[in-house]
Amino acid sequence: MFETADELAELQRLLDAAAAHSNPHMRSIVTPERRLSAAQVVTYLQGTRHVALATVTANGEPRVSPLDALFIHGRFTMGTGAQAARVRNLRTNRACSAVHMDGDRVAVVVNGRVEWITRGHRDHDSIVATWLATCGSDPYDLGDIILFRIEPVSMWTFALHSDELPEH
């Protein structure tokens with residue numbers, strides 16, 4: 001777990017806000033007992049997780065692609081090739097969404113805007129160190145890689161049996 005107490009509190013505020021503003025149909029499915037707490041989210045998302053990243057082309061067409069992600073400081077953090085179409089899409093329109101799903105068991109959904117993690121970024125070195133410790137390799141060893149994370153505007157979760165997921 002890489003989150004500070006403040007980051008955990010911020011994540012919980014995001015989750016609570018999404019629940020409070022959800023529509024009646026969603027509230028009927030994502031009931032309080034089917035939501036994860038911030039502590040459960042960061043515990044569950046430890047290690048490499050697969051997400052579907054959604055972007056928008058310059059023509060407004062949706063695109064989704066699979067990526068490996070690490071959940072660091074309450075944010076999905078990813079890397080991809082600098083020439084990838086998703087990078088072009090995100091440079092044109094920073095809006096994006098990602099979802100990690102484990103069948104009907106768990107879902108973590110984030111909607112927000114890309115934040116580029118360049119070598120000069122305040123969190124760059126700690127993110128690369130976390131990537132190295134978690135994945136066993138430096139992301140830059142994979143070629144011309146760009147790191148980024150999603151700065152969330154909204155985030156929600158679903159767990160069919162949330163009581164079965166630990167908080168630490």
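The values are calculated or read from the model by the stated rules, or taken from the named source; none is laboratory data. Given the structure is predicted, the values throughout are model-derived calculations rather than measurements. In this analysis, Cβ positions are derived from the backbone assuming ideal geometry, glycine residues included, and neighbour counts consider all displayed protein chains. Remember, those area values only see protein heavy atoms, side chains included, never the ligands or the DNA or RNA. Shrake-Rupley method; radii C 1.70, N 1.55, O 1.52, S 1.80 Å.
Is it the case, given these coordinates, that Val30 is farther than 28 Å from Arg119 by Cα and open to solvent by less than 20 Å² (accessible area, probe 1.4 Å)?
On the way: farther than 28 Å from Arg119 by Cα: yes; open to solvent by less than 20 Å² (accessible area, probe 1.4 Å): yes.
So Val30 passes the test.
Out of all the residues in segment 64-83, which are open to solvent by 40 Å² or more (accessible area, probe 1.4 Å) and either touching a residue at least 24 places away in the same chain (Cβ under 8 Å) or among the charged types (D, E, K, R) (or both)?
Within segment 64-83, Asp68, His73, Gln83 meet the criteria.
Pick from segment 114-152 the residues that are of a type in the set (D, E, K, R) and within 11 Å of the chain's Cα centre (by Cα): which of them is farthest from Phe2 (Cα to Cα)?
Glu151
Just a yes or no: is a residue in segment 155-168 within 14 Å of Ala69 (Cβ to Cβ), open to solvent by 40 Å² or more (accessible area, probe 1.4 Å), aliphatic (A, V, I, L, M) and not in a loop (DSSP other than H, G, I, E, B)?
Taking segment 155-168 first, the residues within 14 Å of Ala69 (Cβ to Cβ) are 155.
Within this subset, residues satisfying the condition of being open to solvent by 40 Å² or more (accessible area, probe 1.4 Å) are none.
No, there is no match, as no residue in segment 155-168 is within 14 Å of Ala69 (Cβ to Cβ), open to solvent by 40 Å² or more (accessible area, probe 1.4 Å), aliphatic (A, V, I, L, M) and not in a loop (DSSP other than H, G, I, E, B).
Given (1) part of a strand (DSSP E or B); (2) under 28 Å from Gly136 (Cβ atoms), where does Arg113 come up short, assuming only one miss?
Going through (1) part of a strand (DSSP E or B); (2) under 28 Å from Gly136 (Cβ atoms) one by one, Arg113 breaks only (2).
Under 9 Å by Cβ, and 6 or more places apart or on different chains, what pairs join a residue from segment 4-23 that is touching a residue at least 60 places away in the same chain (Cβ under 8 Å) with one that is of a type in the set (Lys, Arg) and surrounded by fewer than 16 Cβ atoms within 10 Å (Cβ to Cβ)?
Final answer for the pair search is Ala19/Arg27.
Within segment 37-60, is there a residue that is open to solvent by 40 Å² or more (accessible area, probe 1.4 Å), among the charged types (D, E, K, R) and out of contact with any Asp or Glu (no Cβ under 9 Å at 6 or more places or on another chain)? Show your work before the answer.
Step one: filter segment 37-60 for residues open to solvent by 40 Å² or more (accessible area, probe 1.4 Å), giving 46, 48-50, 56, 58-60.
Restricting the remaining residues to those that are among the charged types (D, E, K, R) gives 49.
Then drop every residue that is not out of contact with any Asp or Glu (no Cβ under 9 Å at 6 or more places or on another chain), which leaves none.
No, every residue in segment 37-60 fails to be open to solvent by 40 Å² or more (accessible area, probe 1.4 Å), among the charged types (D, E, K, R) and out of contact with any Asp or Glu (no Cβ under 9 Å at 6 or more places or on another chain).
This table checks each residue for (1) open to solvent by less than 60 Å² (accessible area, probe 1.4 Å); (2) modelled with pLDDT under 95; (3) closer than 12 Å to Leu147 by Cα.
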position	(1), (2), (3)
Pro62	no, no, no
Ala85	yes, no, no
Ala98	yes, no, no
Met101	no, no, no
Asp104	no, yes, no
Val109	yes, no, no
Arg113	no, no, no
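Quick one: which of Ile145, Ile127 is more than 30 Å from Pro32 (Cα to Cα), free of Cβ contacts under 8 Å to residues at least 60 places away in the same chain and not charged (D, E, K, R)?
Going through Ile145, Ile127 in turn, the sole match is Ile127.
Out of the strands (runs of 3 or more DSSP E) lying entirely within segment 1-94, which hold 3 or more residues that are on the phi < 0 side of the Ramachandran plot and among the β-branched types (Val, Ile, Thr)?
Numbers: elements: 49-56, 62-72, 75-81.
Counting at least 3 such residues, we get 49-56.
Pull up segment 126-143, narrow it to residues that are closer than 14 Å to Met78 by Cα and open to solvent by 80 Å² or more (accessible area, probe 1.4 Å), then point me to the one that is modelled with the lowest pLDDT.
Leu142
Quick one: Ile117 ticks every box in (1) crowded, with 20+ Cβ neighbours inside 10 Å; (2) closer than 30 Å to Glu164 by Cβ except a single one, so which number is it?
Result: Ile117 passes all but (2).
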